[in-house]
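J.: Can you read through this structure? Questions will come right after.
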Amino acid sequence: MNNLKQKVAVVTGAGSGIGRATALALAHEGCQLAISDISASNLEETRLAIEAIGAKVQAKLLDVTDREAFENYASEVADNFGTVNIVINNAGVMVRGSLQNTSIEDFEWIMSINFWGMVYGSMAFLPYLKQSGEGRICNVSSMFGMMAPANTGSYAASKFAIRAFSEALRTELDVEGCGVSVTSIHPGMIKTAILRDARVDPSIHEQTGMNQEDAHAEFTKQAFNTPEKVANAIIKGIKKNKMRVLVGFDAYLVDWATRLAPVLFRKLATRILKMDKAKRQKAAGASA
């Protein structure tokens, strides 16, 4: 799929961040767009930006956790455009907090969006992708789909699951030889609002001494990758039919470390966290 002109691309979570950047990049490539999001105002902004580029666009409010709604949406897109060539399952959220402090409700919430939303999107559109004879599914995982640090366990679990699903489905489709393939996307730290909008266990604020806005601001300063960089990497991955796309030096570093020295890497991460904890306890004692 070297030429994306007039290809029909579906993007979930297109109202902001990686989703919006990817939708706009695909529009610049000449794609027709079917975009969705759970935020009406954000979705409208993306729709207007795509129309300004001159691309055909269909915008739909969609809760990716609603399987029936997703299946109906896939049918609507196929009826409207006549075919479907690319599906970007991007919608995602974050939960911060230790696994021991993460409620079952929050765990179910993150898995329903990050994992099940991706499964519903992949399976709902797969028959239409097969009919096109040339299709791509891109599922947005994370560098936390390759490593699982403390206090992001539920998020990492969802992203590992995306990677596993994507690689298994890719193999099955390759054996089938139907012209459809799957790519998992693994960005490093990206300047998006995912941390600002996350569900956060209060103990995290106590540990770090930062509220959610401060944590988001600090994350934004540290994140040197942009949504536009991820979007460009996704498009390259589609054209080259890559199994896995890494975005950012940090993602490559995690991939390298977990491949070559997984035990040492985990021990080093644990040691750093222990040192940070001791430092905070010392500072708290000094100020008491």
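The values are calculated or read from the model by the stated rules, or taken from the named source; none is laboratory data. No experiment lies behind these values; they were computed from the predicted model shown. When we count neighbours, we look across all protein chains shown, and the Cβ atoms used for this are built from the backbone with ideal geometry, even at glycine.
J.: Can you tell which of Val180, Val140, Val175 is crowded, with 20+ Cβ neighbours inside 10 Å and free of Cβ contacts under 8 Å to residues at least 60 places away in the same chain?
T.: Details: Val140 fails: free of Cβ contacts under 8 Å to residues at least 60 places away in the same chain; Val175 fails: crowded, with 20+ Cβ neighbours inside 10 Å.
Just a single option satisfies the conditions, and that option is Val180.
J.: Being buried (at least 23 other Cβ atoms within 10 Å of the Cβ), under 19 Å from the mean Cα position of the chain (by Cα) and β-branched (Val, Ile, Thr) is the filter here; which residues of segment 29-60 pass it?
T.: Ile35, Thr46, listed by residue number.
J.: Follow-up question, since we're still on this one. Can you spot a residue in segment 125-134 that is within 14 Å of the chain's Cα centre (by Cα), among the polar types (S, T, N, Q), at negative phi and modelled with pLDDT of 95 or more? Give the derivation first.
T.: If we filter segment 125-134 for residues that are within 14 Å of the chain's Cα centre (by Cα), which is where we start, we get none.
Within segment 125-134, not a single residue is within 14 Å of the chain's Cα centre (by Cα), among the polar types (S, T, N, Q), at negative phi and modelled with pLDDT of 95 or more.
J.: Further, regarding this structure: Which of the residues belonging to segment 228-268 are without any contact (Cβ under 8 Å) to a residue 60 or more places away in the chain and under 24 Å from Glu134 (Cβ atoms)?
T.: Ala233, Lys236, Lys240, Lys242
J.: So, one more: Cβ-Cβ under 7 Å, sequence separation 6+ or interchain: first residue in segment 1-28 and surrounded by fewer than 21 Cβ atoms within 10 Å (Cβ to Cβ), partner at pLDDT below 95 and not in a helix (DSSP H, G or I). Which pairs?
T.: Met1/Glu134; Ser16/Ala193
J.: What number of residues within segment 61-100 satisfy the criterion of being surrounded by fewer than 19 Cβ atoms within 10 Å (Cβ to Cβ) and in a strand (DSSP E or B)?
T.: 1
J.: Determine whether segment 212-228 contains at least one residue that is in contact with a Ser or Thr (Cβ under 7 Å, 6 or more places away or on another chain), closer than 23 Å to Ala251 by Cα, buried (at least 16 other Cβ atoms within 10 Å of the Cβ) and at pLDDT below 65. Steps first, please.
T.: We begin by selecting, within segment 212-228, every residue in contact with a Ser or Thr (Cβ under 7 Å, 6 or more places away or on another chain); these are 215, 227.
Filter once more, so that each one left must be closer than 23 Å to Ala251 by Cα: 215, 227.
Filter once more, so that each one left must be buried (at least 16 other Cβ atoms within 10 Å of the Cβ): 215, 227.
In the following step, the residues that additionally are at pLDDT below 65 were identified as 215.
Yes, segment 212-228 contains at least one residue that is in contact with a Ser or Thr (Cβ under 7 Å, 6 or more places away or on another chain), closer than 23 Å to Ala251 by Cα, buried (at least 16 other Cβ atoms within 10 Å of the Cβ) and at pLDDT below 65.
J.: Quick one: Trp109 ticks every box in (1) outside any loop (DSSP other than H, G, I, E, B); (2) without any contact (Cβ under 8 Å) to a residue 40 or more places away in the chain bar one, so which box is it?
T.: (2)
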